[in-house]
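Down below is the structure, laid out as structure tokens.
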Amino acid sequence: MTDTLWGMEITTEQLLVGFGDTLYMVAISLIFSALIGLPLGILLVITRKGHILDNKWIFNILNPIINILRSVPFIILLVAIIPLTRLIVGTAIGTNAAIVPLVFYAAPYIARLVENSLLEVDKGIIEAAQSMGATVPQIIFKFLIPEGLSSLILTFTTATIGLVGASAMAGAVGAGGVGDLALTYGYQRFDTMTMVVTVAALVIIVQLLQSTGNMVSKKIRRR
Amino acid sequence: MIEFQQVTKSFQTKKQTVEALKGIDLTVEKGDIFGVVGYSGAGKSTLIRLVNLLERPSTGQVLVDGQPLTALKPKQLRAQKKKIGMIFQHFNLLNSKTVFDNVAIPLVLSGTPKATIKTRVEELLDFVGLADKAKNYPEQLSGGQKQRIGIARALATNPSILLCDEATSALDPQTTSAVLQLLKKINQEYDITILLITHEMSVIREICNKVAVMEGGRVVEQGSVFDVFASPKTEIAKNFVRTVIHDEIPQSVLSNAAISSTQPIIWKINFVGNTSSQPLLSTIAKKYDVHLSVLSANISEIQDTPFGNLIIEVTGEQSEIQKAFTYIKDEGFIVQEVKLYD
């Protein structure tokens, strides 16, 4: 305990590792949930009535599934899908194991947020695209996404912050990370200083994410 | 060029079926600037959207260049759409892209080489007079400028048809006039057939050569702009014409003592073209023993032809009045007696 700071029970190294774990978990699960959530969100938009791929079957199946996944509390989800987690990463404990439930948590969330962002895009833009004879992929990638990009950036900022929060709970399966330090040392061992420092670290992470997101979004929106 | 054959369109809402179009037969010839006028809900928006299949007809056919659109395969249809440009009331430009990129987009979609796109877009921006705005974003432009960009974008793929969906309805009168002149120039210089819909009869007067009046999903009157303006037949067409040509006796004149007798003889005379410069009134007054007083008069221009409306009260001997009436008719004017009290 030579390398402690401000009387914390944890070492600076522990804190740094925690930081690294949080970033790792958030980054990897963000990538995977975006890969799943973004297409689902787009699908939710274009299959709705009157849109470019109007399909009530896909929409009416997808829509409730996303709602159901979104209703399950993260801590329950974490435990409930342990068999699946074990199947995918080979273990149910540790940082990598936390990524699976985090993706299950964030992907439907992102799908819903993407849907909202893209629904903001003026229908007239889509109509213009159709009048030019654009194909469905062209409408998505040349019209829908560029026009909704500024809003999508904010969507992903919100999703990332959501993941930072959820990753703290992943400590329950021994995932590590800043949130885990706050829980195990700060809360359970009454180490106030560790609690304050780790929570402050989380606050800083969230602030940085939000202001970066706002800045990028604003730059794209040009308004 | 564009042919509507027995076209109907109905929309299914939860509770009922709404018939937006109830059997449309309409032909737009090559080189026309064809205007469709009607109040909102008349079905004109649906009508114009049938031409590039933004809406599909429920029954009947829409032919473009003799080809029924609904029979085309998706790929053929996309190719056909490149020959049909469209501009919109709210411009529908991409806010996230520069003016240059907005105009370039139809070319990008069809995989045109970059160098070709650059020359074409510069040429188009030059044509609409906004070459200096290439690097700007749409929200930095005024409404009129945005519509010019919309026009440039619609022309990018060298279409033979331009559809204008209330293209000037969001613009102020001066800007409207400038945009309409631009459309006229497009029609003349590029030989592009224009189909436009509007609720403003002044738009029709300013640039169209043919007009169709719509009401309740039907075309109730159509013909050359000149004919419809000179002698509208249906009540709704009369109402529309009245919004730009005032052929009624002003209320103040009516109530004034200007009308002497209790059963005045009032004539409405229409002047067309060169006849409007003839000194008709003074000739009548000299030739026949009648007195004329002008109740209302105006001259407007339709299709570059002067079109005059004159309402006069005639007093004098019955026989002289009759002779004068015949004289006006023989001289080639359209004259009719107006009954004040029906």
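The values are calculated or read from the model by the stated rules, or taken from the named source; none is laboratory data. Note that the structure is predicted; figures quoted are calculated from it, not measured. Cβ: placed from backbone, ideal geometry, glycine included. Neighbour counts: every protein chain shown.
Summary table
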{"item": "Test for B:Ser177: is it at pLDDT below 95, within 14 Å of chain A (Cβ to nearest Cβ) and over 30 Å from A:Lys218 (Cβ atoms)", "result": "no"}
{"item": "Unique residue being assigned to a helix (DSSP H, G or I) and surrounded by fewer than 16 Cβ atoms within 10 Å (Cβ to Cβ) when the list is A:Met215, A:Met193", "result": "A:Met215"}
{"item": "Sole residue being more than 19 Å from the chain's Cα centre (by Cα), of a type in the set (Val, Ile, Thr) and away from every other protein chain (no Cβ under 14 Å), chosen from A:Val89, A:Val114, A:Val103", "result": "A:Val89"}
{"item": "Only one of A:Thr184, A:Thr155 that is among the polar types (S, T, N, Q), part of a helix (DSSP H, G or I) and within 30 Å of A:Trp6 (Cα to Cα)", "result": "A:Thr184"}
{"item": "Filter result for A:Phe143 (more than 23 Å from A:His51 (Cα to Cα) and part of a helix (DSSP H, G or I))", "result": "no"}
{"item": "Only listed residue being surrounded by 20 or more Cβ atoms within 10 Å (Cβ to Cβ) and more than 30 Å from A:Phe143 (Cβ to Cβ), chosen from A:Gly7, A:Gly37, A:Gly18", "result": "A:Gly18"}
{"item": "Tally of residues being outside any helix (DSSP H, G or I), farther than 21 Å from B:Phe4 by Cα and touching a residue at least 40 places away in the same chain (Cβ under 8 Å) across the stretch B:169-217", "result": "4"}
{"item": "Considering residues of the stretch B:1-14 that are assigned to a loop (DSSP other than H, G, I, E, B) and either of a type in the set (Ser, Thr, Tyr) or within 20 Å of the chain's Cα centre (by Cα) (or both) only, the residue modelled with the highest pLDDT", "result": "B:Met1"}
{"item": "Some residue of the stretch A:139-154 being free of Cβ contacts under 8 Å to residues at least 24 places away in the same chain, surrounded by fewer than 20 Cβ atoms within 10 Å (Cβ to Cβ) and more than 23 Å from B:Ser96 (Cα to Cα)", "result": "no"}
{"item": "Test: B:Asp101 is within 14 Å of chain A (Cβ to nearest Cβ), outside any loop (DSSP other than H, G, I, E, B), closer than 29 Å to A:Ile220 by Cβ and free of Cβ contacts under 8 Å to residues at least 12 places away in the same chain", "result": "yes"}
{"item": "So B:Gly35, is it among the small types (Gly, Ala, Ser), touching a helix residue (DSSP H, G or I) at 6+ places or on another chain (Cβ under 6 Å) and within 23 Å of B:Tyr190 (Cβ to Cβ)", "result": "yes"}
{"item": "Members of the stretch B:1-30 found to be surrounded by 15 or more Cβ atoms within 10 Å (Cβ to Cβ), in contact with a helix residue (DSSP H, G or I) (Cβ under 9 Å, 6 or more places away or on another chain) and not β-branched (Val, Ile, Thr), listed by number", "result": "B:Phe4, B:Lys9, B:Ala20, B:Leu21, B:Leu26"}
{"item": "Where a residue in the stretch A:118-134 is facing chain B (nearest Cβ under 7 Å) and its partner, wherever it lies, is surrounded by fewer than 23 Cβ atoms within 10 Å (Cβ to Cβ) and of a type in the set (Lys, Arg), with Cβ under 7 Å and at least six apart", "result": "A:Gly133/B:Arg78; A:Gly133/B:Lys82; A:Ala134/A:Lys142"}
{"item": "Qualifying residue in the stretch B:145-167 (condition: more than 14 Å from chain A (Cβ to nearest Cβ), without any contact (Cβ under 8 Å) to a residue 60 or more places away in the chain, surrounded by fewer than 23 Cβ atoms within 10 Å (Cβ to Cβ) and in a helix (DSSP H, G or I))", "result": "yes"}
{"item": "Condition broken by B:Leu125, with the remaining ones in (1) modelled with pLDDT of 95 or more; (2) within 14 Å of another protein chain (Cβ to nearest Cβ) satisfied", "result": "(2)"}
{"item": "B:Leu94 vs. criteria closer than 30 Å to B:Lys210 by Cα and either surrounded by fewer than 23 Cβ atoms within 10 Å (Cβ to Cβ) or more than 11 Å from chain A (Cβ to nearest Cβ) (or both)", "result": "no"}
{"item": "Complete set of residues in the stretch A:169-190 that are hydrophobic (A, V, I, L, M, F, W, C) and surrounded by fewer than 23 Cβ atoms within 10 Å (Cβ to Cβ)", "result": "A:Met169, A:Ala172, A:Val173, A:Leu183, A:Phe190"}
{"item": "Unique match (being of a type outside the set (Ser, Thr, Tyr) and either farther than 24 Å from A:Arg221 by Cβ or within 9 Å of chain A (Cβ to nearest Cβ) (or both)) among B:Lys135, B:Lys114", "result": "B:Lys114"}
{"item": "Complete set of residues in the stretch B:139-198 that are among the β-branched types (Val, Ile, Thr) and under 15 Å from the mean Cα position of the chain (by Cα)", "result": "B:Thr168, B:Thr176, B:Val179, B:Thr193, B:Ile194, B:Ile197, B:Thr198"}
{"item": "Test: residue in the stretch A:190-200 that is closer than 30 Å to B:Val103 by Cα, more than 14 Å from chain B (Cβ to nearest Cβ) and not aliphatic (A, V, I, L, M)", "result": "no"}
{"item": "Residue count, the stretch B:110-133 (criterion: assigned to a loop (DSSP other than H, G, I, E, B) and either crowded, with 18+ Cβ neighbours inside 10 Å or on the phi > 0 side of the Ramachandran plot (or both))", "result": "4"}
{"item": "Any hit, the stretch B:305-327, residues being free of Cβ contacts under 8 Å to residues at least 24 places away in the same chain and acidic (Asp, Glu)", "result": "no"}
{"item": "Spans of strands (runs of 3 or more DSSP E) in the stretch B:15-89 with at least 1 residues small (Gly, Ala, Ser), more than 14 Å from chain A (Cβ to nearest Cβ) and farther than 30 Å from B:Leu107 by Cβ", "result": "B:17-28, B:59-64"}
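Residues are listed down the side, and each one gets a yes or a no for (1) modelled with pLDDT of 90 or more; (2) out of contact with any Cys (no Cβ under 9 Å at 6 or more places or on another chain); (3) more than 28 Å from B:Ile105 (Cβ to Cβ); (4) crowded, with 17+ Cβ neighbours inside 10 Å:
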residue	(1), (2), (3), (4)
A:Leu69	yes, yes, yes, no
A:Gly90	no, yes, yes, no
A:Ile126	yes, yes, no, yes
A:Ala134	yes, yes, no, yes
